[in-house]
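The next block holds one structure in the form of structure tokens; read it before the comments.
The values are calculated or read from the model by the stated rules, or taken from the named source; none is laboratory data. Small disclaimer: the values here were computed from a predicted structure and weren't measured. Cβ sites come from the backbone with ideal geometry, for glycine too, and all protein chains shown count toward neighbours. Quick note on the areas: whole protein, heavy atoms, side chains included, nothing else; ligands and nucleic acids left out. Shrake-Rupley method; radii C 1.70, N 1.55, O 1.52, S 1.80 Å.
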Amino acid sequence: MYRFVLTRQWVCLTLIALVLIPAMIKLGFWQFHRHEHRVAQNQLIDANLRAKPVPMTEITSPGHTVPRADFWRAVTAAGTYDTAHEVVVRMRTSGDDKVGFHVLTPLVLGDGRVVLVNRGWVPGGDDPRAYPPVPAAPAGEVTVTGRLKADETSAGSGIKDRKGLPDRQVMLINSAQQAEYLGRPVLGGYLELTAPDPADGSPEIIPEPDHDSIGAHMAYAVQWWLFASAVPVGWVILVRREKRDREEAAAKAESGAEPEPATA
């Protein structure tokens, strides 16, 4: 009575099931790996934020690519702000998702090298091509503390580095680009300012990255695996139902009753 599974309809149904099972298992592992990545990143962020700040010059240098292990590392730098070469970074959002600019100010160290300091967010004006109102950076020698961030690139950030931008506006924070603009050696990566706080609250200090939530990736992984296990169970149920319907139809035919059409 199970020969019906060799019919075209049931062969197609079985092939679809055989394709769905490994696909769903793979999707489950994809979500599981995303969960693991998120957990590892949260642990890295938390550890680096809690670490004792170290001089930025100890962990990066001109041309240095900041490794992932040093992302968000607490660092310090002492020098003088070069406000004449300050630029703003376009299309950046505030803590409440308003679009504006990040203020990128070079900090000249005692040896002439430069640390790029992201001082925070400011709103844009009515004209997006105009330089926004930016509070002046502190004068004289200052010591700043912040989070070490890697250079932004078009590939890594998903932001296209456009040409022909207005004067003193950029799309990416990139030490190599700024070294060319400044004509000075610039330490790789940049410092995202956390202290001291601006006297009037502007620029708006960038909040810490989220390192508490882990998202729903694990739940999605379990769902995909449950779907994968449900496929063979559903196939067996359909086969048994089809067998039962065919047996009932055959029994009615033998008794002379009008057979009911079998369900697929």
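If I go through segment 180-191 residue by residue, how many of them are more than 16 Å from ASN118 (Cβ to Cβ), in a helix (DSSP H, G or I) and touching a helix residue (DSSP H, G or I) at 6+ places or on another chain (Cβ under 9 Å)?
Of all residues in segment 180-191, those more than 16 Å from ASN118 (Cβ to Cβ) come to 180, 183-185.
Of the ones still in play, those that are also in a helix (DSSP H, G or I) are 180.
Narrowing further to those that are touching a helix residue (DSSP H, G or I) at 6+ places or on another chain (Cβ under 9 Å): none.
Matching residues across segment 180-191 total 0.
Sort through LYS26, LYS52 and tell me the only one that's basic (Lys, Arg), in a helix (DSSP H, G or I) and either in contact with a strand residue (DSSP E or B) (Cβ under 8 Å, 6 or more places away or on another chain) or modelled with pLDDT of 95 or more (or both).
On the way: LYS52 fails: in a helix (DSSP H, G or I).
Among LYS26, LYS52, only LYS26 is basic (Lys, Arg), in a helix (DSSP H, G or I) and either in contact with a strand residue (DSSP E or B) (Cβ under 8 Å, 6 or more places away or on another chain) or modelled with pLDDT of 95 or more (or both).
Which members of segment 215-234 meet the condition of being more than 26 Å from THR14 (Cβ to Cβ) and free of Cβ contacts under 8 Å to residues at least 12 places away in the same chain?
Those that are more than 26 Å from THR14 (Cβ to Cβ) and free of Cβ contacts under 8 Å to residues at least 12 places away in the same chain: ALA216, ALA219.
So THR80 passes all but one of these: (1) part of a strand (DSSP E or B); (2) open to solvent by less than 20 Å² (accessible area, probe 1.4 Å). Which condition number does it fail?
THR80 satisfies all of (1) part of a strand (DSSP E or B); (2) open to solvent by less than 20 Å² (accessible area, probe 1.4 Å) except (2).
So which residues in segment 44-66 are open to solvent by 50 Å² or more (accessible area, probe 1.4 Å) and free of Cβ contacts under 8 Å to residues at least 60 places away in the same chain?
Scanning segment 44-66 gives ALA47, ARG50, LYS52, PRO55, GLU58.
From the residues in segment 192-221 that are within 18 Å of the chain's Cα centre (by Cα) and among the charged types (D, E, K, R), which one is farthest from SER94 (Cα to Cα)? It would help to see each step written out before you state the result.
To start, the set of residues in segment 192-221 that are within 18 Å of the chain's Cα centre (by Cα) comprises 192, 206-218, 220.
Now narrow it down to the ones that are among the charged types (D, E, K, R): 192, 208, 210, 212.
Working: GLU192: 14, GLU208: 12, ASP210: 14, ASP212: 20 Å.
For segment 192-221, the residue satisfying everything is ASP212.
Taking the options ALA77, ALA40, name whichever one is at pLDDT below 90 and out of contact with any Lys or Arg (no Cβ under 8 Å at 6 or more places or on another chain). I'd like the intermediate steps shown before the answer.
Numbers: ALA77 fails: at pLDDT below 90.
Unique residue meeting the criteria: ALA40.
Looking only at segment 160-179, count every residue that is assigned to a loop (DSSP other than H, G, I, E, B), in contact (Cβ under 8 Å) with a residue 40 or more places away in the chain and crowded, with 18+ Cβ neighbours inside 10 Å and tell me the total. I'd like the intermediate steps shown before the answer.
Step one: of segment 160-179, the residues assigned to a loop (DSSP other than H, G, I, E, B) are 160-168, 171-174.
Subset that is in contact (Cβ under 8 Å) with a residue 40 or more places away in the chain: 165, 168, 171-173.
If we keep only those that are crowded, with 18+ Cβ neighbours inside 10 Å too, we end up with 171-173.
So the count comes out to 3.
Does at least one position in segment 192-203 carry a residue that is in contact with a Ser or Thr (Cβ under 9 Å, 6 or more places away or on another chain) and open to solvent by less than 30 Å² (accessible area, probe 1.4 Å)? Step through it out loud before you land on a result.
Looking only at segment 192-203, we keep the residues that are in contact with a Ser or Thr (Cβ under 9 Å, 6 or more places away or on another chain), and these are 193-196.
Next, from what is left, pick out any that are open to solvent by less than 30 Å² (accessible area, probe 1.4 Å): 193.
Yes, there is a match, as at least one residue in segment 192-203 is in contact with a Ser or Thr (Cβ under 9 Å, 6 or more places away or on another chain) and open to solvent by less than 30 Å² (accessible area, probe 1.4 Å).
Quick one: in segment 190-215, of everything that is at pLDDT below 90 and among the small types (Gly, Ala, Ser), which residue is nearest to VAL103 (Cα to Cα)?
SER202
How many of the residues in segment 122-159 are assigned to a strand (DSSP E or B), open to solvent by 20 Å² or more (accessible area, probe 1.4 Å) and of a type outside the set (D, E, K, R)?
Applying the first criterion (assigned to a strand (DSSP E or B)) to segment 122-159 yields 122-123, 141-149.
If we keep only those that are open to solvent by 20 Å² or more (accessible area, probe 1.4 Å) too, we end up with 123, 141-143, 145, 149.
After this cut, where a residue has to be of a type outside the set (D, E, K, R) as well, the list is 123, 142-143, 145.
Adding up the residues that qualify gives 4.
Against the conditions (1) surrounded by 18 or more Cβ atoms within 10 Å (Cβ to Cβ); (2) among the hydrophobic types (A, V, I, L, M, F, W, C); (3) out of contact with any Leu (no Cβ under 6 Å at 6 or more places or on another chain); (4) farther than 20 Å from TYR181 by Cβ, where does VAL88 fall short? Just the number, please.
(4)
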